[in-house]
Amino acid sequence: KSLLINMSARFLTGLAIRKLAGAVDRLGCRFQRKFPFMEEVSRHQTIQSYYDRQPDIADDSFILPSATLIGSVHLDSRTSVWYGSVLQGDEFTIRVGEGSSIGDQVTITGPAKIGNGVVIETGSVISPSIIKDGSKIEIGSVIQENVTIGPNSVIKAQSVVRIGTVVPSGQVWAGNPAQYVRDVTAEESKSIKDESAKTYEQALIHKNAIEKSSPLLD
């Protein structure tokens, strides 16, 4: 009982010290700037090596500050990785092709190969799989292990593509488990290309906005 009391006292004391330190930090910031309190140095490390495995990122790709790349992750030209996404290439490689977009809160685990002009929407989970050029994974979908998504295919929102499934080229699949619905139309295929290009343009807007706001953190 005395041990529990001691542990509780230490916890509460530590919590009080941390709160006091935060209050002092905020007060100091207000004296310096007259700005609302802002964390001056983010402790979140966006790009992380894993032993000798390091991310390889094209110069014109863009990673939002709260996204994380770990280990062997290769991003080709004009790719974007959005807020809160995690690309985990600690043991195996993840490759993301030119012009592809990884939306908010997406998780990708290697080995995975994402083709060119692929759009992966918010909250999707990609296990070790292959997603070929021009495909779209809609919001909240799950791609399980050893799946192959053919070129110019669409996985509809909230679908689950089960282990080992092969989705042929140019098809729309939906459901849990995902099944063939119909063929992709020419308009849909063009829309995916347009969305990929538009998403990169939006990434540049975010990049410029972040760069313009950075003097506040100097």
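The values are calculated or read from the model by the stated rules, or taken from the named source; none is laboratory data. Bear in mind the structure is a predicted one, so any value in this text is a computation, not a measurement. No Cβ is skipped: glycine too gets one built from the backbone with ideal geometry, and neighbour counts run over all protein chains shown. To get the accessible areas, we keep the full protein, side chains included, count just its heavy atoms, and leave off ligands, DNA and RNA. Shrake-Rupley method; radii C 1.70, N 1.55, O 1.52, S 1.80 Å.
Odds and ends about this structure:
- Residues of region 85-116 with amide N under 15 Å of a point placed 7 Å along Cα→Cβ from GLN48: 85-92, 107-110
- Within straight-line reach of LYS113, meaning a Cα separation under 19 Å, sit the following aspartates and glutamates at least 8 residues removed in sequence or on another chain: ASP56, ASP76, ASP90, GLU91, GLU98, ASP104, GLU121, ASP133, GLU138, GLU145.
- Charge dipole magnitude, Cβ of K and R +1, D and E -1 - region 47-164, Cα centre, debye nearest 20: 380
- What region 49-126 shows is 40 Å² of accessible area per residue, with the surface traced by a 1.4 Å probe over protein heavy atoms.
- Apolar share of the accessible surface for region 42-180: 47 percent from carbon plus sulfur atoms, 1.4 Å probe.
- Among GLN88, GLY150, SER135 - extreme Cα towards positive end, dipole of region 80-218, charges at beta-carbon: GLY150
- Per residue accessible area in Å² of region 145-210, where ligands, DNA and RNA are left out and the probe is 1.4 Å: 56
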